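Down below is the structure, laid out as structure tokens.
Bear in mind these aren't lab numbers, they're just calculated from the coordinates by the rules spelled out. Not measured: the values here are computed from a predicted model. Virtual Cβ from ideal backbone geometry, glycine too; neighbours counted across all protein chains shown.
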Amino acid sequence: MQQQEEEDAQLLPTRNALPFQRLLSRSFGAIGTVCDLVAMTRTTESFGQNYPEEADGTLDCISMALTCTFNRWGTLLAVGCNDGRIVIWDFLTRGIAKIISAHIHPVCSLCWSRDGHKLVSASTDNIVSQWDVLSGDCDQRFRFPSPILKVQYHPRDQNKVLVCPMKSAPVMLTLSDSKHVVLPVDDDSDLNVVASFDRRGEYIYTGNAKGKILVLKTDSQDLVASFRVTTGTSNTTAIKSIEFARKGSCFLINTADRIIRVYDGREILTCGRDGEPEPMQKLQDLVNRTPWKKCCFSGDGEYIVAGSARQHALYIWEKSIGNLVKILHGTRGELLLDVAWHPVRPIIASISSGVVSIWAQNQVENWSAFAPDFKELDENVEYEERESEFDIEDEDKSEPEQTGADAAEDEEVDVTSVDPIAAFCSSDEELEDSKALLYLPIAPEVEDPEENPYGPPPDAVQTSLIDEGASSEKKRQSSADGSQPPKKKPKTTNIELQGVPNDEVHPLLGVKGDGKSKKKQAGRPKGSKGKEKDSPFKPKLYKGDRGLPLEGSAKGKVQAELSQPLTAGGAISELL
């Protein structure tokens, strides 16, 4: 009896353990299945991820780059430089397609027109200019009383340009008649206002230093909606920038409390005036409390990149979830100036220390994706040819019946019509813009025109010019010098803004000076001995697009005009 109880006592744990073991095995099996699903999900995401992962070289613009922007298709990249030039890169070949000698002072903002034929630029000397990209000529200029923080073309009407001057309400220019409209603001005492068109230009969003966002109808400037961006303690925070996605209705607001808020534009319009919309996402660096210099959406609107104001670092978030997916680190100690995401591809261009850095995905060649039985060989291997493998016609093959593929072999294939590229079309458009400027033709530069074997000899040209008489004196001089006739001087319009101080200095140039220092003086201004020589932001003087240095009195005249405004910004060398 006692022996039987001892045997039962030994068997009892075993019997009780059986259900536990089954449960444990089932649990681990479920955990393994979950892990497999997670691994498959991650694998699927890795194939579909659409953001850059590593550095992919730099673009050397000869002079120091300050701002950059892609055209609508991402085929051309315009870079504004500190010497006033605009360098246009062919982004597919990574080569310079054109250099426009645009301004004398540094270029601080750029924007492409919708069709890519025009560029609008702003410089630190308060000038806004429109340029013809093909010819490089200036169509017209506008002179503002205060520095320009941002210029932007209307997304659908390139006759309208939105300008954000310092200490002023935003201004909308009409290029055809050179007229301007000052947009209404929420508080006349707070004129630190930023503005942006929405994706299709139907509305203009403005934000001030008190966190108030106004939504204005573009055509009538009527107030449609408004709300205030507040922190957790109901305190307001200043609006630094407003950026819209190229696809969808989302936009982001970069604020002074170091939080990027993402909103849905449809919800903002539904809430109306004094609404209280909740942001879709709040993005921030909780560890380092990083302030953001520049933020923008990816081409498909699924990702958001923000450049740090402290260092050359790019933070990339996924918009739908709000999780940080990647941090791209540039050279230590450099400060970021601008960030632009490619409209179509997962590529980012960033500017720091005057150099344009390109960030892209790591492309790995995988030939087995094209042929699963593909094998890489270390050395040559003798190949035994199969019977009739390389014969034009297989003699031993029986005559098969014509299948669908063989039957369609005689059909004509259309090789002339071109299907529109979906990435280049808007959601409300079916066809691409036939007049769009996607690429720039590059003409070879002739070093010595006199060596042209197909042209007439120089003596014959001069003889024919002399025979034309005194009426063609200018033509004789231009032909002998080899120079082109003078270009038509662009029209310059002065924009008068009431109550705007005219002694403001652009943030790129540093500390504001007094009113007396704004007067142009001949020669070197007082107190600037040695500063111009050591400052990396002193613009190089160029003659035309060939980079020839100015000589004689022309050089002295330009230096006299340039010396004072640039020395007022000695802090720009520290910034870069």
### Query
Using modelled backbone amide H atoms (1.01 Å from N, in-plane), which distant-in-sequence or interchain residues come within less than 5 Å of residue 123's amide H?
108
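Taking square-rooted eigenvalues a ≥ b ≥ c of the alpha carbon gyration tensor, is the stretch 324-395 rounded, prolate or oblate, where a/c under 1.5 means rounded and, failing that, a/b exceeding b/c means prolate? Provide the component values of the computation, followed by the final result.
Numbers: a/c = 4.49, a/b = 3.30, b/c = 1.36.
Prolate shape, in that a/c is at least 1.5 and a/b is the bigger ratio.
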### Task
Any chance you could list P(r) for the stretch 131-250, counting all Cα-Cα pairs in 5 angstrom bins from zero, rounded to whole %?
2, 11, 20, 23, 20, 13, 7, 3, 1, 1, 0
### Amide proton proximity set for residue 294, modelled H, under 5 Å, gap of 5+
307
### Amide H within-cut-off set for residue 492, under 5 Å, with H built and near neighbours excluded
141
### Span from the the stretch 347-381 Cα centroid across to the the stretch 113-135 one, whole angstrom
36 Å
### Query
What is the packing order of peptides 210-220, 159-169, taking the mean over residues of other C-beta atoms within 10 Å and listing the highest first?
159-169, 210-220
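Using a 10 Å cut-off on Cβ atoms, rank the peptides 104-112, 321-329 from the highest mean neighbour count down.
Those peptides, ordered most packed to least, come out 104-112, 321-329.
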## Note on the structure
The alpha-carbon center of the stretch 252-301 and that of the stretch 141-178 are separated, in whole Å, by 24 Å
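Which pairs, out of 160/247; 98/326; 240/435; 118/167, put more than 31 Å between their alpha-carbon atoms?
98/326; 240/435
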